[in-house]
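Engineer: What follows is a single structure, and I will ask about it in a moment.
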Amino acid sequence: MGTSRKTRTSVISQRLRIALVTFVACLSQAGLALAEPAGGPAYKVPPAVDDVLTLLPLGSATLQGHIGTIIDTVVRARITSEFARTQIYPETIEAFRKRVDDRMKPQQGFWQGEFWGKWVLGAIAAARYTGNPELKVFVRKAVDELIATQDANGYIGTYHDSAFVRCDGKRMNWNVWCRKYTLWGLVEAYELLGDPNILEAAIRFMDHLMSEVGPGKVPIIETGKFVGLPSTSILGPVVMLYRHTADKHYLDYAEYIVSQWSSRPGKPPDVVNKGLGGKPVHEWFADPGQWTKAYEFISCLEGLLELYRVTGNRRYLQAVVNIYDNIRMWDRSIFGGIGKNDKLLGSARMLQTECEPCDAVYWQRLSVQLLRLTGKSIYADEIERTMYNVLCATMKADGSWGVRRLCLSGAHWPAPKHCQLEHHQCCMNNVPRGLLQLPAIATMSGRHGLRVNLYIEGTAAVPLPDGDRVRLQTRTGYPESGRVRINVSPDKPLDFELCLRIPGWSRVSSLMINDKPGPEAQAGTYARLQRTWKPGDEIELELDMRGRIVRFPDSAQRYVAVERGPIVLARDIRLGDGAIHDPVSLAIASDGFIDLKRASPPDGFWMVFDVPLTPKPGGAAKRIRMCDYSSAGSTWNPKTSDFRVWLPMR
């Protein structure tokens, strides 16, 4: 049968669009385009809404100390090592050559296809952060190998039948979800490498997906599981593709995705309308355990903010802000984990929550988005909580593997191998990406100067709005201590504003500039230091590291937790101070604080504290021992691990 006129016209139109976009990409390489994303090819579509704060380009900062060591270790183990290149990565590309995600079990679709995109996104971030030219060459190889699997119709995937996108009942299908990470990886690889052929492959890939899923085809909300949330989280990469191509087809498709959320009246997810309504997510519809998949839901919110950037539709921003506030109140556990067993169930009021690291990584990503858009310090506070408690707890000391679920008591769950692969599980490829966000947000540039968000030992070269640069060197033992010293070295004397985040928990803080008292440092704000800065100027910040008591959100249950700075503390049987699940009476001072004493940490622990108990009349003072959350239960073995965060009160 001959090709129809309509089909021929469609093919010609697609080829013309690809040729035009490729031509414009070449102009971009010649420096004739708009704003530049992370030092790569410029966006063709400017933002409708400017960010308040700008990410620091990876490679402009080097993190050291505890966090820097974890980043270096995980990146080496999972991305740059010989083992990573010869064992971990090859499994990701073989999935595209074999295409067995829909052949492992009858009428079910697995998710081997997500791992290439996740791994490559981590490798791209690592290449930018480390400046390692060999890693950049390896990313080039990985992209070439992926594009070599592309069919003539544009399809790249791990499903033998690309059109198998629906699932029935309890069966699963992750086809479109996997394609999200493929598209994302291609777009960011184009940003790193600047090759228009990569952008062309992404265009052909997306056009093929739109020929199977979309208006007049299979509705995207009907694909995959969990009311279409995994599939519709492709929203963010679609917006990225639109910004690089200026092809309105992709903007229209992004808006189509958003409209799909409300296409089934009275049924989930209806993200924008319900978000604007202000209710907690678990109260939107009946049986939230069947649909509130936290990781994928939060990824949809990140995509909605990307769409807000290019459209200026404030309904999108307001919906996300409302949802964020409700998740923080109802589903963010004290240590920074999100949900219970990967669902949004009002889990902040549960004594035990099994939290997936992926959920926390994407909570951090959403916090970063809102920090960029609003400049509000509350989002940096959340990033810090996630960083020190979740990210520091997730991986083994050698960075090779990690946990599937982080808990509030008992034992964490080690990550299983996924999809019949030896070296992959969803969180293991997301955690490096979460860690590699930190150098870009520790210090950011704003409209009037610099913002220091995270107090991590290291250096940063930060651009000012007028093009000048300032070098910051941070020397600190934080959060083991509360003292932070920052050396400020502009190339010449410069007048600009430098803002320091004062965490919401730091009730009493102080600032010194060159050994003289600085301005007031109010909790939950940025302390603003406006002056003419000279090379060698030094700031000293002292934060309030007194122990704090946090009462369980459900007042009917008598439990408390102990925090110190951004760190949540826990009891652990390895500290050897008795039955950790017995009720206690903590010696809480009248001002609500508790007197913690540093103790020498045994092997396998970062920080340990002696915590005072209320003595019985005439009895001697007693103490229990508590450690930082990231050290608690770190054996991941039910036989040797037992810990708890929420302490029953006597």
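The values are calculated or read from the model by the stated rules, or taken from the named source; none is laboratory data. Predicted, not measured: the structure shown is a model, and the values here were computed from it. Here the Cβ positions follow ideal geometry from the backbone for every residue, glycine too, while neighbour counts run over all protein chains shown. Heavy atoms of the whole protein, side chains included, go into the accessibility calculation; ligands, DNA and RNA do not. Shrake-Rupley method; radii C 1.70, N 1.55, O 1.52, S 1.80 Å.
Engineer: Beyond a 23 Å Cα-Cα separation, which of these cross-linked pairs lie in this structure: 180/248; 105/141; 217/267; 118/248; 118/417; 279/340? Let's see the in-between values first.
Structural biologist: Details: 180/248 19 Å; 105/141 31 Å; 217/267 21 Å; 118/248 27 Å; 118/417 16 Å; 279/340 19 Å.
Violating the 23 Å Cα-Cα cut-off are 105/141; 118/248.
Engineer: Continuing with this model, one more query. Just want the answer: with Cβ charges of +1 for Lys and Arg and -1 for Asp and Glu, which residue in 379, 138, 263 is farthest toward the dipole's positive end in the chain?
Structural biologist: So the residue furthest toward the plus end is 263.
Engineer: Over the stretch 358-412, what relative contact order in percent results from Cα pairs under 8 Å that are six or more residues apart? The partial results should precede the final answer.
Structural biologist: Working: 31 pairs, mean separation 13.0, N = 55.
It rounds to 24 percent for the stretch 358-412.
Engineer: Follow-up question, since we're still on this one. Rank 183, 221, 155 by how far each Cα sits towards the positive end of the charge dipole of the stretch 114-273 (+1 on Lys, Arg Cβ; -1 on Asp, Glu Cβ) and give me just the farthest.
Structural biologist: The listed residue farthest towards the positive side: 221.
Engineer: Just to be sure I understand, if you calculate semi-axes √(5λ) of the Cα gyration tensor in Å for this structure, which of [x] 64, 34, 20; [y] 87, 33, 23; [z] 42, 30, 23 do you get?
Structural biologist: So the calculated entry is the one marked [z].
Engineer: Oh, and also: Over the chain, with the other protein chains present, what is the accessible area per residue in square angstrom, probe 1.4 angstrom? Can you show the working numbers first?
Structural biologist: Values: 24900 Å² over 650 residues.
Here the per-residue accessible area is 38 Å².
Engineer: I need the peptides 383-392, 510-519, 219-228, 272-281 ranked by packing, meaning the mean over residues of other C-beta atoms within 10 angstrom, with the highest value on top. Please list the in-between numbers first.
Structural biologist: On the way: 383-392: 25.5, 510-519: 13.1, 219-228: 22.0, 272-281: 17.3.
With the highest mean Cβ count within 10 Å placed first, the list reads 383-392, 219-228, 272-281, 510-519.
Engineer: Give the angle, between 0 and 90 degrees and rounded to the nearest 10, that separates the Cα long axis of helix 65-75 from the longest principal axis of the Cα atoms of the chain.
Structural biologist: The angle comes out near 30 degrees.
Engineer: Okay, next question. Give me the percent relative contact order of the stretch 510-650, please, defined on Cα pairs under 8 angstrom at least 6 residues apart.
Structural biologist: 23
Engineer: Right, something else. Could you let me know the centre-to-centre spacing of the stretch 533-565 and the stretch 577-636, using Cα atoms, in angstrom?
Structural biologist: Each part reduced to its Cα centre gives a spacing of 17 Å.
Engineer: Oh, and also: Just the Kirkwood number for the stretch 199-354, please: inverse of mean 1/r across all distinct Cα pairs, in Å, one decimal.
Structural biologist: Working: mean 1/r = 0.0623 Å⁻¹.
Answer for the stretch 199-354: a Kirkwood hydrodynamic radius of 16.1 Å.
Engineer: Next up: What's the magnitude of the charge dipole for the stretch 276-409 around its Cα centre, counting Lys and Arg as +1 and Asp and Glu as -1 at the beta-carbon? Answer in Debye, nearest 20.
Structural biologist: Details: 17 positive and 15 negative charges, 46 e Å.
It works out to roughly 220 debye.
Engineer: Calculate the dipole size of the stretch 497-643 relative to its Cα centre from +1 charges on Lys and Arg beta carbons and -1 charges on Asp and Glu beta carbons; express the result in debye to the nearest 20. Before the final figure, lay out the partial values.
Structural biologist: Values: 20 positive and 19 negative charges, 67 e Å.
That gives a dipole near 320 debye.
Engineer: Using only Cα atoms and rounding to the nearest 10 degrees, what angle (0 to 90) does helix 314-330 make with the longest principal axis of the chain?
Structural biologist: 40
Engineer: Note down the relative contact order for the chain as a percent, whole number, built from C-alpha pairs under 8 angstrom at least six residues apart. Before the final figure, lay out the partial values.
Structural biologist: Working: 1354 pairs, mean separation 78.2, N = 650.
This gives 12 percent for the chain.
Engineer: Among DSSP beta bridges whose residues both lie in the chain, state the antiparallel percentage, nearest 5.
Structural biologist: Numbers: 76 of 82 bridges.
In the chain, DSSP labels about 95 percent of beta bridges as antiparallel.
Engineer: OK, next. Can you spot the aspartates and glutamates whose alpha carbon is less than 15 Å from residue 274's alpha carbon? Ignore those fewer than 8 places along the same chain.
Structural biologist: Reachable aspartates and glutamates: 283, 325.
Engineer: Continuing with the same structure: Calculate how steeply helix 89-98 sits against the longest principal axis of the alpha-carbon atoms of the chain, using the helix alpha-carbon long axis, and give the answer as 0 to 90 degrees to the nearest 10.
Structural biologist: 30
Engineer: Next up: Please report, as a whole percent, how much of the solvent-accessible surface of the chain comes from carbon and sulfur atoms (probe radius 1.4 Å).
Structural biologist: Numbers: 12590 of 24900 Å².
That fraction is 51 percent.
Engineer: Please work out the Cα center distance from the stretch 437-508 to the stretch 289-361, rounded to the nearest Å.
Structural biologist: 28
Engineer: For the stretch 201-320, with only Lys/Arg (+1) and Asp/Glu (-1) charged at the beta-carbon, what is the dipole magnitude about the Cα centre, in debye rounded to 20?
Structural biologist: Numbers: 13 positive and 12 negative charges, 41 e Å.
The calculation lands at about 200 debye.
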